[in-house]
Each structure stands twice: as C-alpha cells, then as structure tokens.
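What follows draws every value from the coordinates through simple rules; no lab data is involved. This is a predicted model, so every value here is computed, not measured. Don't worry about glycine lacking a Cβ; one is built from the backbone with ideal geometry, like all the others, and counts go over all protein chains shown.
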C-alpha cells in the first residue's frame, strides 16, 4: 500500500495527497471527494479500500485518519451541480474543492481512477488506487463516511425511501419507493428517468 508513496518520497516529495470520491453511482445525494495527506512516518493500521471494510470499521478509521493525518480536505458537489455539468465533471469539481480545503498544500497528488483534474500541482492517476495507495485508501474512507452520514441525515427527512440503508444506490427497495412516492429534491433526475413511468 505504500509502494507509490515511497517512490515519491524517494524523489523528494514530502506532502503526498491521496484523492478519492464516493457517490458517483447512486440515484440521489451528492458526490463527495476527500483529499488526505498522511505522515510519512505513521502507518495507520487497517486502512484499505473503503468498499472492503465494514461500516463500523470505516467509522473507526475515519476518526483515526482525522486525528493522525497531516491534513484532510472534503469537497462536495450537490445534485444541482451533478445535473448541470454531469457526474464526471461534478466529481472533478469535488476533488478540486477537497484539495483546496487542505490546510497544507500538497506537493504531489495521487488521484484514484483514470481521470486527471485541472490543478497546478504535479499529479498522477492510479486505477484501483484505493487498493494500491494508503493515502488514496484513506481518502476513500473519509469520502465514504462523510457521504454515508449525509444520507443518514436525509433519511430523517425522507424516511419512506430507506436512505440510511442503501445510501442512495439503486436497490429494489429504493426504486420501488421512487415509483411510489416520486423524486425528492436530493434525487438526480437524469439518473432516475428510467424508473419513472
């Protein structure tokens, strides 16, 4: 998990930032990106791709990462932005915002996936980065937990949709709720067209 970071440390970079997002696929809610700079000398036990961790483990690691990281930044693109510029561009905007919200400016950025973003910092994209880079994995945990907490709050406002359980993904229960009750103001109309008769 530290191979990429170690290569960059050996080249003289010190504040290496991992960036990942959560929420590209769901039918509702924002896309949330996180940027994390970890300390070179402090390995955080258990950090892995957020999808491979239980919700409880993610919650625990969220607090540890926040405490031990050099800097953590979060960026959010809401439904209006997603609908206006499309999900890919909304994700890139959230990533840029997450990086700009770091208290320490990174000197190198590792971005999960294969899409670069328009920033004035050296970067590289890493496919399946959340399984290959500790800083990207840490960012995936921050992004996922942040977004899940938002959906749990939305669940209180719209209890009939089951957001707290499926977090906005297109489960059978969620699709049936859309067909029965229609769309809320956090649904992405372009994602939901095929479910509405």
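Helix 172-181 sits at what angle to the longest principal axis of the chain, using alpha carbons and giving 0 to 90 degrees rounded to 10? Approximately 50 degrees, to the nearest ten. Modelled spin labels at residue 67 and residue 14, positioned 7 Å past Cα toward Cβ, are 2.6 nm from each other.
Helix 55-68 versus the longest principal axis of the chain: what angle, 0 to 90°, nearest 10, using Cα atoms? Taking the Cα atoms of the chain, the angle to 55-68 is about 40 degrees. Once the Cβ-Cβ distance of residue 3 and residue 89 is raised to the sixth power relative to R0 = 30 Å, the FRET efficiency obtained is 0.45. Restricted to Cα atoms, the chain shows a radius of gyration and a Dmax of 17.1, 57 angstrom. Counted by neighbouring Cβ atoms within 10 Å, the residues 130, 118, 63, 20 run from fewest to most as 118, 63, 130, 20. Distance between the 7 Å Cα→Cβ label points at residue 185 and residue 160: 1.7 nm.
Entry note, the chain: the mean residue ellipticity at 222 nm calculated from DSSP H runs of n ≥ 4, each adding -39500 (n - 2.57), is -13000 deg cm²/dmol after division by the residues and rounding to the nearest 500. DSSP assigns beta bridges within the chain; of those with both partners inside it, close to 65 percent run antiparallel. Taking the 0 to 90 degree range and rounding to the nearest ten, how far is the long axis of helix 87-100 tilted relative to the main principal axis of the chain, both from C-alpha atoms? That helix lies at roughly 40 degrees to the long axis.
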